[in-house]
Amino acid sequence: MYQGISTKVRTKEVRLSYCNLTTPRASQQGGEVKYSATLLIPKSDTTTKADIDSAIAAAIEAATGSVWNGVRPPIIRVPIYNGDGVRQSGVAFGPECKGHWVMTASTKQKPGVIHESNKKVNLAPQDIYSGMYGEVTINFYGYSNSGNKGIAAGLGNVMKTRDGEPLGGGASAEVDFADEVNAPKINPLTGLPYTA
């Protein structure tokens, strides 16, 4: 429970992957466009996991009365997975997920993304990336769609706490050209360093 709402959670520090926080995108071709992020929650953070479990239970209770017409489904899909296991498709989670609970949260409204050092200003797009660390608010709710019934994670806002190694294989320009920064510039005609 966060801010007196039984279905809402504020995580402790998590790592963000598949960040679509500045521009929305569809999770599949022809799907609805949403802002989203996958949260990697350390298994050592038992407090956040307990808060999530409690919020999911509250969302199930609420959905039973409102979304599922008073009947609790025998199988309810929940949005949190064991990063040491496999995805619903049977494919193993990536190495960054090991030792974590994995959950994707999404929203139609653009989330606020701030830094813990300045909570009044949204971060610039270049400061938001897969691999950064932050705290996130999530609100859980029930759904019934094409015979599937379950609980989804609605993305609230994100507060970046620190930088992390970018996920996705890309490198920054600073890293790619680090050896060039202090290297002397060589004149190709003489083979000697340029002089000022």
In region 29-48, which residue that is part of a loop (DSSP other than H, G, I, E, B) and modelled with pLDDT of 95 or more is farthest from Asn145 (Cα to Cα)?
Ser44
Among Glu116, Glu61, which is more than 23 Å from Ser144 (Cβ to Cβ) and surrounded by fewer than 17 Cβ atoms within 10 Å (Cβ to Cβ)?
Glu116
Filtered residues of region 14-23 (kept if closer than 10 Å to Ser36 by Cβ and either more than 13 Å from the chain's Cα centre (by Cα) or surrounded by fewer than 16 Cβ atoms within 10 Å (Cβ to Cβ) (or both)):
Tyr18
When region 15-40 is checked residue by residue, the ones that are within 16 Å of Asn139 (Cα to Cα) and of a type in the set (Val, Ile, Thr) are Thr38
Are any of the residues in region 14-28 over 29 Å from Arg162 (Cβ atoms), of a type in the set (A, V, I, L, M, F, W, C) and in a strand (DSSP E or B)?
yes
So if I check each of Lys98, Lys108, which one is surrounded by fewer than 12 Cβ atoms within 10 Å (Cβ to Cβ) and among the basic types (Lys, Arg)?
Lys108
Return the only residue of Lys160, Lys120 being more than 24 Å from Val33 (Cβ to Cβ) and free of Cβ contacts under 8 Å to residues at least 60 places away in the same chain.
Lys120
For region 109-117, does any single residue satisfy the condition of being within 14 Å of the chain's Cα centre (by Cα), more than 29 Å from Ala58 (Cα to Cα) and at pLDDT 95 or above?
no
Could you please let me know if Ala63 is outside any strand (DSSP E or B), at pLDDT 95 or above, aliphatic (A, V, I, L, M) and over 26 Å from Leu21 (Cβ atoms)?
yes
Identify, by number, the condition in (1) over 15 Å from the mean Cα position of the chain (by Cα); (2) on the phi > 0 side of the Ramachandran plot; (3) of a type outside the set (S, T, N, Q) that Leu123 doesn't meet.
(2)
Please tell me if Tyr81 is surrounded by fewer than 16 Cβ atoms within 10 Å (Cβ to Cβ), among the hydroxyl-bearing types (Ser, Thr, Tyr) and in a strand (DSSP E or B).
no
Being buried (at least 22 other Cβ atoms within 10 Å of the Cβ), in contact with a Ser or Thr (Cβ under 8 Å, 6 or more places away or on another chain) and outside any strand (DSSP E or B) is the filter here, so list the residues in region 1-13 that pass it.
Thr11
Residues in region 124-145 that are at pLDDT 95 or above and in a strand (DSSP E or B) total 11
Does region 158-173 contain at least one residue that is assigned to a loop (DSSP other than H, G, I, E, B), surrounded by 10 or more Cβ atoms within 10 Å (Cβ to Cβ), of a type in the set (A, V, I, L, M) and modelled with pLDDT under 90?
yes
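The values are calculated or read from the model by the stated rules, or taken from the named source; none is laboratory data. These numbers were taken from a predicted model, which means no experiment stands behind them. Every residue, glycine among them, receives a Cβ derived from its backbone with ideal geometry; neighbour counts consider all protein chains shown.
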